[in-house]
Amino acid sequence: MGTGTIGTALTELSSAQKSAKGVSLYSRFVNRPVGRFLAAGSYAAGLTPNQVTLVSAVFSFAAVAGATLGTPSWTLGLLVWLGLAVGFAFDSADGQLARLRGGGSPAGEWLDHVVDCAKITALHIAVLIAFYRHPGHFGTDADGWLLVPLGFQLAAVLTFFGGILTEKLKPRPAAGTPAAQPSTLRAVALLPVDHGVFCLVFLLIGGGTAFRWTYTALGAASALFLVAFLAKWFRELSAAPR
């Protein structure tokens with residue numbers, strides 16, 4: 001397939017995007033557009049959405065392995081961030097490719113969610129191991145610092161699971177209902193809990209304590225957002241008809 005196929009795919013994808021409601025600025029203006037190009041290229045290469053999901057997993061878990069086993073440095077941080085960022089972009093591409101091919105499948109959605117959950121869990125395990133292996137570099141000599149990745153992991157997994165379950169349980173909007181307009185203020189407010197923004201913190205691995213404090217700040221933000229999300233989701237589901 002040639003460039004004409006990629007161009008046609010990009011044209012079709014531009015009119016088949018998911019709603020931007022509840023999406024942060026990074027995902028809306030960086031990750032989704034990059035994912036659109038990757039989806040078009042994957043379509044031209046004849047890849048299936050599940051294969052693109054596995055490509056995403058390869059990049060993501062290579063980065064996780066680097067963060068876990070590597071010696072902290074600025075170069076390592078750049079490589080880890082690059083692997084995570086590319087993996088996140090392919091994570092956006094698989095869904096866009098599925099829509100381009102006429103819709104996804106339950107098995108494909110299941111695979112996508114399982115990979116995402118494994119990635120989220122493994123990333124915080126990687127930070128925990130890095131803190132344990134290199135306490136002098138990160139300033140994590142006190143054992144209490146090892147609780148930070150555990151708390152961050154709990155908040156991240158609960159947010160991921162709670163969000164997916166809420167979407168499954170909420171009533172579907174009536175056919176023909178116009179999509180809600182995205183809020184720029186909300187898109188900015190969601191940046192601290194966007195996975196793409198979280199990936200950026202790994203650029204600071206070489207900085208030691210700078211990484212520790214930035215990671216901790218994002219963990220605290222994740223915990224605060226979790227409380228807000230849980231209250232919102234419970235309120236929405238309580239108001240839903242039986």
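Comparing Cα centroids, region 22-39 and region 92-134 end up 16 angstrom apart.
Only aspartates and glutamates eight or more places from K168 in sequence, or on another chain, were considered; those with a Cα closer than 15 Å are E109, E236. Against the chain, whose longest principal axis comes from its Cα atoms, helix 3-14 is set at around 90 degrees. Largest first, the residues E109, E236 sort by 1.4 Å accessible area into E109, E236. Once both labels are positioned 7 Å from their Cα atoms along Cα-to-Cβ, the gap between L224 and S238 label points is 2.3 nm. Stokes-Einstein diffusion for the chain at 25 °C, viscosity 0.890 mPa s, with a Kirkwood radius from C-alpha pairs, works out to 128 µm²/s. Note on region 154-242: Cα Rg divided by 2.2 N^0.38 Å, N the number of residues, gives 1.35.
Shown is the FRET efficiency for A231 and T5, computed with R0 = 51 Å from the Cβ-Cβ distance and rounded to the nearest 0.05: 0.65. Here the accessible area of region 41-129 is 74 percent carbon and sulfur, with a 1.4 angstrom probe and all protein chains present. Axis of helix 32-45 versus longest Cα principal axis of the chain: the two differ by about 70°, to the nearest ten degrees.
Taking every C-alpha pair closer than 8 Å and separated by at least 6 residues, the mean separation divided by the residue count of the chain gives a relative contact order of 28 percent.
Under the shape rule built on the C-alpha gyration tensor, where the axes satisfy a ≥ b ≥ c, region 107-216 is prolate, since a/c reaches at least 1.5 and a/b is greater than b/c. From most to least packed by mean Cβ count within 10 Å, the peptides 27-33, 143-149 give 27-33, 143-149. Largest first, the residues C117, C199 sort by 1.4 Å accessible area into C117, C199.
Counting only DSSP H runs of at least 4 residues, each contributing -39500 (n - 2.57), and dividing by the residue count of the chain, the helix-based mean residue ellipticity at 222 nm comes to -24000 deg cm²/dmol.
The values are calculated or read from the model by the stated rules, or taken from the named source; none is laboratory data. Predicted model, so just to flag it, every value in this text is computed and none were measured. Here the Cβ is made from the backbone with ideal geometry for all residues, glycine too, and neighbour counts use every protein chain on show. Please note that ligands, DNA and RNA were not included when accessible areas were found on the heavy atoms of the full protein model with its side chains. Shrake-Rupley method; radii C 1.70, N 1.55, O 1.52, S 1.80 Å.
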